[in-house]
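What follows is calculated from the coordinates using simple rules that are stated; it is not laboratory data. Nothing here was measured: the structure is a model prediction, and the numbers come from that model.
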Amino acid sequence: MPHTGLTPATGNPVCYFWSGESIRSRGIGGVVLQGTVDIPALPPRLQADWSRDIAQHVGLEPGDVDSLSLARARMRWPNYTLCTDALAQWMRGFGLQDVLVTSEVALMACRGARYHHDAMQYGAAAFCNLFLSEDKGFDLHFPMAGVRIPLRRGTAVVFDTGQPHAVIPRTSRGFDAGDFPDGQDCDVVFLTWELAISHPSVSQALRIAFDVDPATASVSREPGIRVGGKSVGVCPRLGGWTLAP
């Protein structure tokens with residue numbers, strides 16, 4: 001894959017996030033919880049509705065992640081509660097007791113996903129994702145954690161929003177828009193929950209340490225991630241930390 005032209009950054013990343021009306025610091029949990037949940041096959045009518053919505057209204061381009069209507073989906077999804085109950089039971093195996101009940105949920109779709117992190121907007125949260133699509137040959141890749149997860153119906157993942165990640169073909173080493181050509185079924189649908197990172201069971205399961213840089217946090221005015229004291233982003237093709245422009 002060609003050189004990105006971005007300046008790499010090295011060191012231990014620190015996430016700065018809003019806690020009430022002030023910025024707080026924390027480390028980035030290096031643990032990615034993963035497993036497979038036994039969920040029923042989705043109704044064909046529901047899958048057809050998603051495909052039509054994505055094609056006619058959402059218009060996903062390679063690398064895009066966008067939302068679908070969960071309220072409308074539930075009207076065509078009699079086994080929705082069976083899916084969420086199975087996920088909750090799986091999470092209890094990691095000591096995450098009933099955190100889904102108090103967490104916001106959304107229905108999402110992606111056509112692959114460029115490498116990115118979500119800590120700028122969701123630094124106070126971890127994500128729990130339950131993938132609903134059948135296996136289409138894509139993986140969820142966390143390059144910093146060294147974790148690569150095949151995506152199929154029932155794949156469950158809990159991870160720190162500060163972890164760089166992407167959805168890429170199983171045979172690929174990075175994100176390339178050309179891997180998602182027009183006319184090929186590359187859309188992946190999943191449920192996602194925002195888990196409060198301050199919940200003791202969440203921070204313990206992901207091994208997140210808080211207040212690792214209180215001095216910088218006390219003078220910060222916006223959230224984000226820093227490496228070696230410098231603001232960083234993520235290389236969208238390879239997933240490494242890069243110095244922010």
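Remarks
- In the chain, the longest principal axis of the Cα atoms and the axis of helix 44-53 are about 60 degrees apart.
- The slack between Phe210 and Gln56, meaning 0.36 nm per residue of separation minus the straight C-alpha distance, is 51.1 nm.
- When the Gaussian network model of the chain links Cα atoms closer than 10 Å, the mean-square fluctuations of Phe210, Phe159, Phe131 top out at Phe210.
- Most mobile of Asp182, Asp139, Asp211 in a GNM of the chain (Cα contacts under 10 Å): Asp182
- Cα long-axis angle, helix 80-92 against the chain (0 to 90 degrees, to the nearest 10): 40
- Most mobile listed residue (Gln47, Gln97, Gln56) in the chain, GNM with C-alpha springs under 10 Å: Gln56
- Distance from the alpha carbon centroid of segment 90-108 to that of segment 183-245 works out to 19 angstrom.
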